[in-house]
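Step one of this worksheet: look at the structure below.
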Amino acid sequence: MNYELLKDLCQKSGVSGYESEVLKFIEERIRQYSDGLEYDRAGNLIAYKKGRLGKCENNKRILYSCHADEVGFVITHIEDDGRLLFEQIGMSVLVYTGRQVLIGKKKIPGIIAVKPVHLLEKEESEKIPEHKSLFIDIGAKSREEAEELGVYADYAVFDSGYEELGSGMIKAKALDDRAGCAMLISLMERGIEHDGYFAFCVGEELGLRGSQTVAERIKPDLCINLECTTAGDVYGVTGSQRTCLVGGGAVVPFMDGSAVYSADLYRKARAIAEKKGIICQTKTKIAGGTDAGSYTRIAGGCRTLGLAVPTRYIHSACSIAKKSDIDEVEKLLFAVSDEAAGL
Amino acid sequence: MSINTENRKKIEKLYSIKTVSGSLDKKNNSMYEYVKKELSDFCDDIFADDIGNVIAVKRSGAENAEKIALIAAADEAGFVAADTKSEGKIRLHGIGNPFYARLCGREAFQIEKGKSIYRGVLLSDSSDTDKIGEDSFYLETEDKNRDISEGDFICADDPPVFFGDNGICLNGLSSKIFCLSLIDIAKCAGSFSFDVYYIFAAQHLLGARGEKCAAYTVGADIAIAFKLIPEGRTKTGAGPVIAFSDGRGRCSDYVTGGLEEAAEGIGISYQLCAETEKDEISMIAPFISEGTKTGIIGISASNKKVGTSKCDLRDLRGAAAAACAFLIFSDEKSEENR
């Protein structure tokens with residue numbers, strides 16, 4: 001994996017509905033490796049790439065997909081005293097209270113503010129704050145001052161850097177699903193055996209919105225969907241409740257909350273991994289949904305394979321993943337891609 | 001349809017086909033084999049799609065003919081093996097909200113390529129009925145037979161129970177019985193001036209995924225869904241139910257009126273109701289999204305929420321007859337219009 005690329009991707013903004021910054025970066029990066037590139041009306045970036053061997057014999061349409069959007073916030077109202085009210089996309093109040101954010105293209109800094117501990121009543125201090133009690137403080141004294149900064153109806157992302165930590169681990173915001181984006185870019189750079197479409201979808205965190213359009217537009221026969229998935233290996237839970245493990249290798253799910261993956265593709269991917277010595281695991285608890293939900297439900301259905309990076313704390317200010325897992329997912333993606341025509 | 005030996009065999013045969021939501025696809029589809037065997041002499045085309053739907057088509061022969069779809073959910077609740085390694089037990093994930101407490105202690109089968117293989121017994125870590133659920137549920141099997149991997153589908157031994165002249169108890173969430181209605185209609189109805197699509201929908205219990213896929217594929221002008229309607233506003237044994245809405249959408253007046261007219265036309269007493277439960281999975285919503293006129297016909301089922309449904313086979317026969325009459329009357333109307 002090109003970790004410089006992953007770092008760059010994670011540092012771009014791309015809250016669902018506001019993905020232009022990250023998509024522009026991806027577009028510039030993949031233009032030279034594409035044989036066709038377009039944004040559809042929903043805003044998805046779709047590239048077509050010719051393979052070394054041309055089209056599949058049976059004209060099978062192969063789609064590689066990931067999502068470019070990330071969880072975040074939208075500024076919905078400015079109070080007279082300059083406080084910003086906001087809505088969240090894809091998160092629980094647990095993970096954003098007190099966090100630093102950056103608003104819009106100008107990256108105006110702000111804090112998701114709560115009453116300081118000194119002012120909290122005992123009862124209040126033992127409760128999770130309600131979303132409606134929170135606001136973003138950008139230091140503006142008045143509505144006019146905040147409006148002049150152009151923050152109204154703009155987006156906000158977590159102000160959270162990319163860092164390496166521990167033993168081969170990385171932490172960053174938006175690993176879900178910039179890791180998938182990085183792998184698809186790498187696959188385009190490396191080249192593919194048979195022609196394929198590459199979709200960098202918008203709006204996944206808003207309910208798989210972008211991928212529904214991609215599914216209708218491309219009508220794939222085979223889809224390989226790249227994701228990051230919940231690793232619950234640190235919450236004091238045991239056994240199957242952990243879902244998957246950081247350090248356990250690539251995740252090949254057989255099912256998630258939005259799709260039942262093609263059983264034969266699941267088995268074939270596991271077999272390819274075994275043959276190539278790629279470490280992999282599956283999800284032992286059905287949790288979360290992915291763009292696979294859109295692809296499996298198109299006319300006639302679409303055989304879909306999921307590949308995912310086990311990631312702790314997804315949908316929060318910073319997630320943690322292990323480099324070796326990301327490498328295993330990428331290796332498996334490349335190996336599956338090489339055999340995609342026969343899958 | 002009363003419970004004579006022939007009907008009983010038909011129902012037992014249908015329920016012997018294991019169709020846990022998600023276990024069917026294009027290649028491995030026991031429902032496809034079943035429908036093909038039953039309807040190959042009566043339909044022009046029978047195919048399965050990637051999500052597992054089975055669709056049988058009776059064409060009119062005319063180009064650009066209208067399309068009428070009849071839909072029955074072909075799936076049933078069950079389990080998928082989620083963890084076979086970490087705890088020494090085979091942990092299961094419930095699919096389609098199975099009733100754990102009722103299934104505890106039942107024999108379990110692994111579904112492999114449409115066949116079911118005996119694997120052991122479903123058990124729970126908890127003996128407290130209220131705590132028997134996904135977190136405590138597992139499959140107990142002998143180690144030597146433990147050829148089960150994550151992603152394998154498991155079903156409980158939960159066959160229909162027959163009683164009296166017309167009574168039948170089904171797994172509470174199984175509307176699969178309507179697959180028989182579709183087969184009976186396809187065998188009796190013949191051809192019309194429109195194409196008829198008989199849709200045996202997969203993954204209904206996972207959120208009408210099969211219906212969504214089929215709605216795109218078929219692009220029907222009219223779609224009629226068959227479903228179990230919880231007893232309350234309707235009664236078992238009081239005739240088929242024509243519902244003019246479900247919790248997610250309202251049926252077309254044209255189709256609802258047509259079904260009423262059809263039932264009256266053949267002298268069947270029916271019950272009219274609005275199904276309003278928001279948590280019910282809507283079979284018609286995916287078709288409404290495609291601009292299809294929709295209708296619902298079904299039968300009243302008691303105890304649906306507690307794991308078993310008591311139904312009356314006379315209602316089932318009435319529902320099939322009314323839907324069949326709808327096709328005939330629609331054909332006559334289009335003939336008149338021409």
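The values are calculated or read from the model by the stated rules, or taken from the named source; none is laboratory data. Every value quoted in this text rests on a predicted model; they were computed, and no experiment measured them. So basically every Cβ, Gly included, is an ideal-geometry build from the backbone, and we count neighbours across all protein chains shown. Quick note on the areas: whole protein, heavy atoms, side chains included, nothing else; ligands and nucleic acids left out. Shrake-Rupley method; radii C 1.70, N 1.55, O 1.52, S 1.80 Å.
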- Task: Could you grab me the full set of residues in the range A:118-138 that are in contact (Cβ under 8 Å) with a residue 12 or more places away in the chain, in a loop (DSSP other than H, G, I, E, B) and of a type outside the set (A, V, I, L, M, F, W, C)?
- Result: A:Pro129, A:Glu130
- Task: Might you check whether a residue that is at positive phi and either more than 14 Å from chain A (Cβ to nearest Cβ) or more than 17 Å from the chain's Cα centre (by Cα) (or both) occurs anywhere in the range B:32-45?
- Result: no
- Query: In the range A:1-34, what residues are among the acidic types (Asp, Glu) and touching a residue at least 24 places away in the same chain (Cβ under 8 Å)?
  - Reply: A:Glu19, A:Glu21
- Within the range B:167-188, of all residues that are part of a helix (DSSP H, G or I) and open to solvent by 20 Å² or more (accessible area, probe 1.4 Å), the one nearest to B:Ser282 (Cα to Cα) is B:Asp184
- Output the number of residues of the range A:149-166 satisfying the condition of being of a type outside the set (Phe, Trp, Tyr), closer than 18 Å to A:Lys107 by Cβ and modelled with pLDDT under 95. 7
- Message: Would you confirm, using the coordinates I've provided, whether A:Cys318 is open to solvent by less than 30 Å² (accessible area, probe 1.4 Å) and more than 10 Å from every other protein chain (Cβ to nearest Cβ)?
- Response: no
- Message: Could you tell me how many of the residues in the range A:237-255 are within 20 Å of B:Phe137 (Cα to Cα) and surrounded by fewer than 21 Cβ atoms within 10 Å (Cβ to Cβ)?
- Response: 4
- Query: Given (1) of a type in the set (Gly, Ala, Ser); (2) in contact with a helix residue (DSSP H, G or I) (Cβ under 6 Å, 6 or more places away or on another chain); (3) within 22 Å of A:Asn59 (Cα to Cα), where does A:Ser262 come up short, assuming only one miss?
  - Reply: (2)
- Determine if the range B:9-17 includes at least one residue that is out of contact with any Cys (no Cβ under 8 Å at 6 or more places or on another chain), among the hydroxyl-bearing types (Ser, Thr, Tyr), more than 27 Å from B:Gly237 (Cβ to Cβ) and assigned by TED's automatic domain parsing to the domain that holds B:Ala320. no
- Can you tell me which of B:Ile46, B:Ile51, B:Ile90 is open to solvent by less than 10 Å² (accessible area, probe 1.4 Å), over 12 Å from B:Ala156 (Cβ atoms) and assigned by TED's automatic domain parsing to the domain that holds B:Tyr197? B:Ile51
- Query: Considering only the range A:259-289, how many residues are more than 14 Å from chain B (Cβ to nearest Cβ), open to solvent by less than 40 Å² (accessible area, probe 1.4 Å) and not aliphatic (A, V, I, L, M)?
  - Reply: 0
- Scan (1) assigned to a helix (DSSP H, G or I); (2) hydroxyl-bearing (Ser, Thr, Tyr); (3) open to solvent by less than 40 Å² (accessible area, probe 1.4 Å); (4) within 28 Å of B:Tyr216 (Cβ to Cβ) for the single condition A:Thr213 breaks and write down its number. (3)
- Message: If I filter the range B:101-142 down to residues being in a loop (DSSP other than H, G, I, E, B) and touching a Gly at 6+ places or on another chain (Cβ under 9 Å), which single residue comes out as farthest from the other protein chains (Cβ to nearest Cβ)?
- Response: B:Glu142
- Query: Being in contact (Cβ under 8 Å) with a residue 12 or more places away in the chain, among the hydrophobic types (A, V, I, L, M, F, W, C), within 14 Å of another protein chain (Cβ to nearest Cβ) and in a loop (DSSP other than H, G, I, E, B), is that true of even one residue in the range B:8-17?
  - Reply: no
- Query: So which of B:Phe178, B:Phe244, B:Phe226, B:Phe194 ends up being among the aromatic types (Phe, Trp, Tyr) and under 18 Å from B:Lys36 (Cα atoms)?
  - Reply: B:Phe178
- Run down A:Glu205, A:Glu189, A:Glu193 and say which single residue is open to solvent by 10 Å² or more (accessible area, probe 1.4 Å) and either without any contact (Cβ under 8 Å) to a residue 24 or more places away in the chain or in contact with a Phe, Trp or Tyr (Cβ under 6 Å, 6 or more places away or on another chain) (or both). A:Glu189
- When residues of the range A:219-248 are filtered for being away from every other protein chain (no Cβ under 14 Å), touching a residue at least 60 places away in the same chain (Cβ under 8 Å) and more than 16 Å from the chain's Cα centre (by Cα), how many remain? 3
- Message: Considering only the range B:78-90, I want to know if a residue exists there that is under 18 Å from the mean Cα position of the chain (by Cα) and within 14 Å of another protein chain (Cβ to nearest Cβ).
- Response: yes
